[in-house]
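*Asks:* Quick one: the structure is below, and I'll ask about it shortly.
The values are calculated or read from the model by the stated rules, or taken from the named source; none is laboratory data. Model, not experiment: these values are computed from the prediction. Every residue, glycine among them, receives a Cβ derived from its backbone with ideal geometry; neighbour counts consider all protein chains shown. Quick note on the areas: whole protein, heavy atoms, side chains included, nothing else; ligands and nucleic acids left out. Shrake-Rupley method; radii C 1.70, N 1.55, O 1.52, S 1.80 Å.
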Amino acid sequence: MDQEKLTYDEDGVLVERFAAGDTSAFETLYRKYYERIHIIARGILLDSDDAADTVQEIFTLVFRNLPKFNRRARFSTWLFRVAVNRSIQQARSLKFKRRWIELDERLPAPEVNESLLEPRVELAMTRLGPDDRAILTLFYWEEQSLNEIAESMGIQMNAAKTRLYRARERFRQFYEVQA
C-alpha cells in the first residue's frame with residue numbers, strides 16, 4: 001500500500017448497513033443531516049412549517065430510494081440534491097396554491113430563519129424565486145463551495161457561478177430598494 005491517504009466514508013458504511021437491512025443506519029443518517037436539510041428547505045421555502053413538512057418528504061424519498069443510490073457522488077451530495085430539488089418543487093407548488101387563496105384568507109408573509117436574517121435581508125429573500133433562494137442558501141448558510149453547489153443542484157460549475165452571480169444581483173436590487 002502506498003502512502004495514499006485513505007479517507008473513512010462513514011456515510012458509505014451507513015448506506016451499506018441500511019441496504020443490508022439495518023434500519024438504525026438510516027436513523028443515524030437522519031440525525032446527522034436533519035438540521036442541515038432543514039436549513040436548506042427553510043432557506044428555499046421561507047416558512048418553518050412548510051420546511052418541516054418538506055424535510056419529512058425529503059427523508060421519506062431518501063429512505064425509499066437509498067437502496068438505489070449508485071455512489072457516483074458522496075451520500076451528502078446526493079442528499080443535498082434531493083433536498084434542493086424537492087424544496088424548489090414544493091416552493092413552486094405552494095406559490096401556485098397560494099395564488100388562489102381568497103384575499104381575506106391570505107396567509108401572513110412567509111418567514112425566514114430568524115437566527116440567520118435581519119429584516120431587510122428577510123424581505124429581499126422573500127422576493128426572490130426558489131432557485132435563487134436555493135443557491136444563496138447553499139452558498140451562504142451551508143457554506144458550500146461552487147463545486148459542491150453544482151453537484152447539489154445537478155448543474156455545471158460555470159452554471160453555478162453564473163446563477164450565484166445573478167441571484168446575488170437580484171438580491172442586491174431587492175435589498176437596496178428598501179434602503
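*Asks:* Six or more apart or on different chains, Cβ under 8 Å: which pairs go from a residue in segment 143-159 that's assigned to a loop (DSSP other than H, G, I, E, B) to one that's surrounded by 15 or more Cβ atoms within 10 Å (Cβ to Cβ)? Could you list them?
*Replies:* Cβ pairs passing all conditions: Gln144/Phe80; Gln144/Leu138; Gln144/Ser152; Gly154/Arg81; Gly154/Asn85; Ile155/Arg163; Gln156/Ala150.
*Asks:* Which residues, counting only those in segment 135-179, are of a type in the set (Ser, Thr, Tyr) and either on the phi > 0 side of the Ramachandran plot or open to solvent by less than 20 Å² (accessible area, probe 1.4 Å) (or both)?
*Replies:* Those that are of a type in the set (Ser, Thr, Tyr) and either on the phi > 0 side of the Ramachandran plot or open to solvent by less than 20 Å² (accessible area, probe 1.4 Å) (or both): Thr137, Ser152.
*Asks:* Looking only at segment 83-110, which residues are more than 19 Å from Asp49 (Cα to Cα) and either modelled with pLDDT of 80 or more or not in a helix (DSSP H, G or I) (or both)?
*Replies:* Those that are more than 19 Å from Asp49 (Cα to Cα) and either modelled with pLDDT of 80 or more or not in a helix (DSSP H, G or I) (or both): Trp100, Glu102.
*Asks:* Continuing with this model, one more query. Across segment 25-41, what is the total count of residues that are open to solvent by 10 Å² or more (accessible area, probe 1.4 Å) and either at pLDDT below 95 or among the β-branched types (Val, Ile, Thr) (or both)?
*Replies:* 2
*Asks:* Which number in (1) in a helix (DSSP H, G or I); (2) at pLDDT below 90; (3) closer than 26 Å to Ser76 by Cβ marks the one condition that Arg120 misses?
*Replies:* So Arg120 meets the others, but not (3).
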